[in-house]
Amino acid sequence: MKRFAGWIGAMVLGVAATAAAQNGPVPIVGLVELSGPGAVSGTNFNDGVRMAVEEINAKGGILGRKIDYTYNDTQSNPGVAKALAQKAVDQNAYVVMGPVFSGSIFVSMDVTRKAEITNFTGGEAANITQQGNPYIFRTSFTQANAMPRVARYMKNALKLKSVDIIWVNNDFGKGGHDEFLKAIKADGIKLGADVSTDQGQVDFSGAVLKVKQSGSDGVFVYVNEEESARALRELAKQGYNKPRIGETTLTGQKVIELAGSAADGAIAHVGLSPDAPIPAVRAFAERFQKEFKYKPDHNGIKGYTAMYIVKAMTEKIGKFDTKALAAALHGAKILVKDHPGVLMDVSFDKNGDIDRESFMTKVENGKQVVFETLPPLHPF
Amino acid sequence: MNAKTGKLALVVGIAAFAILPLFLKGYGVYLCALFCVYLMATLGLNLTVGYAGQMSLGQAAFFGIGAYHAAILLKLGWPFFLVLPIAAVACFLVGLLLGFPALRVQHHYLAFATLGFNILVFLIMRNEATITGGPLGISGIPRPSLFGISLDADLRYFWFTLFFTVVLAAILWWLLRSPWGRAFAALRDNPIRAESLGINITAYTLFAFAIGAACAGVAGVFYASLLQFIEPSSFQFSYSLMMLLAVIVGGSGRFFGPVLGTVIIVLLPEWLRFMQNWYLAVFGFAIVALMIFLPGGLLSLPERLGWKGASK
């Protein structure tokens, strides 16, 4: 009986809450790394979301309702990320944005899953979307998708027979390392030196020395932004003159700024790039630069497009129902001609993995240049 | 304040804290539970730092050892109430093993030795991926059930954690009032005099250190079950620093010092969040100011103000 009364109470409260919520702004909550090792990625992602929200609100919001975007700093700490995910649930978030670091998303996605709230993440670790969580969606490629593209480029364009790897030993790096090894094995490229480094590592002289001594045809560098710059500087210092290949981070804007001329000639596969040969993307990058006084990297685009994806799909389902939103996103295709804010045609599969075009990029004279556009895995 | 009203205030305080989460949402409940978890670890550290007078920068390592024991054994289906003592004993033994050589040096030299130990433990957690899951950590750690009642709900788990925090604190309270505890205090105040009174300094320091480690192990078990996911970076030495800070800010060597210190370390940054981008900077300044004006910690405030009857 008591239980029954409780149910009734909960239902009454629920009805009251939905009634109150139907007119006011829609709460969307960001869990982002604004301090700690993830600060560069998290700040970019967050500013991307903020910019999209500002634009959408200026044009009257979604289905006539404004968006109320609030964000909190996870300090790149999974424990804090979990607490903040709880807070987002308490705030009745329609959608949760972030975190970007995979270690944090592993913890916080459990919370949003239990509360059945659609959650976009910037994380790239392969296993995020392999746990059958119907509420988690990516904003960029997984490592399992990206690494075969990198390996194919090494084999076909660069004709590498062997390659070394310098990787960061955290959740992001470890996942990428394993996928990369699988990919080069499939393409018949031999692995030379396998050098693991620490998150936040400052001195790369030992790592680069090992790579120099291994005698392989090139090196694959898979570390976070700041460490990428340090690695490139050290490679230049020790006179390394073979191909330096990366994925996503190595030719990022922040890396180029930090590494200076040492970044010249570095090659990377990038899922999203502010220098992509797409006018809409470039225009976005310019507006972003104007607003936040720095050039966005791929994380900025992730946050921005994720917000527009929410807008597109919410308009499609015609109501603010986060469960229905998640259901509609699986298998969804969102085209730029209908929704310019998504910047590039995009589709989601049944796991919440994203698919779209990607780019091969190179650093030339302190700028990221796209020299090849790769088609999506599953053409629209 | 006499002893009787003091006790009454304590009971009322704990009861108030126990019912507080009823008025909070998930986020608040979680923070309260996290506070209890860190409190267990800092209560233990206070024994090492405050009572035995040693600097330890390895508490997060013991915290991690406890958490990994819990994660691995609970996932194998071992009962929680078996895992808890196993983790505590394991940390106690590791503490003895580490303390035996490490406690030959004192103060900041010991801090360096324990810092090295913390980094070593972190590397093992990260690199021995077959056992620890490496940098991807261990997910899906179950929460225990009590007499058939599942503790999956956050509120129930908080009460469960609070209960054990109080039990642990009571054990430490009793310990510090036993002849052993008096020996600890004698050791802290003046090691040479303590030794001349026949106290075996080496043995007592070692025990204080190992008991402190065991407390961290217990805290680790509750942490693993609270987050249901652990990964090595949660046990980096920066968390040892944070725990040491909690003990010192609260007032090391005072029983309730860590309680206040942990409130500040765990909850103050959350309260300061309204300052947006500045909250960590403000937090840092607050700690610096506190250490300059109250080097004895927050609990030394009454003495500093010259109140009568204030004592350790």
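The values are calculated or read from the model by the stated rules, or taken from the named source; none is laboratory data. Not measured: the values here are computed from a predicted model. Note that we place each Cβ from the backbone using ideal geometry, even for glycine, and neighbour counts take in every protein chain shown.
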ask   = In the range A:130-141, which residues are crowded, with 23+ Cβ neighbours inside 10 Å and modelled with pLDDT under 90?
value = A:S140, A:F141
query = Of the residues that make up the range B:300-311, is at least one closer than 17 Å to B:A33 by Cα and surrounded by 15 or more Cβ atoms within 10 Å (Cβ to Cβ)?
reply = no
task = Answer yes or no: is there a residue in the range B:223-240 that is away from chain A (no Cβ under 14 Å), touching a residue at least 60 places away in the same chain (Cβ under 8 Å), crowded, with 24+ Cβ neighbours inside 10 Å and under 29 Å from B:D189 (Cβ atoms).
result = yes
inquiry  = Within the range B:15-30, does at least one residue satisfy the condition of being crowded, with 24+ Cβ neighbours inside 10 Å, assigned to a helix (DSSP H, G or I) and of a type in the set (S, T, Y)?
reply    = yes
task = State which residue is nearest to the chain's Cα centre (by Cα) when the search covers only the range A:183-214 and only residues that are in a helix (DSSP H, G or I) and not hydrophobic (A, V, I, L, M, F, W, C).
result = A:K185
request  = Among what's in the range B:142-164 and is in a strand (DSSP E or B) and of a type outside the set (S, T, N, Q), pick the residue that is farthest from the other protein chains (Cβ to nearest Cβ).
outcome  = B:L146
inquiry  = Just the residues that are within 17 Å of the chain's Cα centre (by Cα) and buried (at least 16 other Cβ atoms within 10 Å of the Cβ), please, taken from the range B:76-115.
reply    = B:L84, B:A87, B:A88, B:A90, B:C91, B:F92, B:V94, B:G95, B:A111, B:T114, B:L115
task = May I ask you to verify whether A:I136 is hydrophobic (A, V, I, L, M, F, W, C), touching a residue at least 40 places away in the same chain (Cβ under 8 Å), at negative phi and within 14 Å of another protein chain (Cβ to nearest Cβ)?
result = yes
query = Quick one: is A:I56 assigned to a helix (DSSP H, G or I) and either of a type in the set (D, E) or within 14 Å of chain B (Cβ to nearest Cβ) (or both)?
reply = no
ask   = If we scan the range A:80-97, do we find a residue that is out of contact with any helix residue (DSSP H, G or I) (no Cβ under 7 Å at 6 or more places or on another chain) and surrounded by fewer than 23 Cβ atoms within 10 Å (Cβ to Cβ)?
value = yes
task = Considering each residue of the range A:231-280, count those that are surrounded by 21 or more Cβ atoms within 10 Å (Cβ to Cβ) and either part of a helix (DSSP H, G or I) or small (G, A, S) (or both), and give that number.
result = 18
ask   = Do you know which residues across the range B:243-270 are without any contact (Cβ under 8 Å) to a residue 40 or more places away in the chain and within 14 Å of another protein chain (Cβ to nearest Cβ)?
value = B:L268, B:P269
message = Quick check on the range B:133-141. Is at least one of its residues away from chain A (no Cβ under 14 Å) and either crowded, with 19+ Cβ neighbours inside 10 Å or at pLDDT 95 or above (or both)?
response = no
key: Hits in the range A:59-107 - residues which are among the small types (G, A, S), within 14 Å of chain B (Cβ to nearest Cβ) and either under 18 Å from A:I136 (Cβ atoms) or touching a residue at least 12 places away in the same chain (Cβ under 8 Å) (or both)   = A:S76, A:G79, A:A81, A:A85, A:A88, A:A93, A:S102, A:G103, A:S104
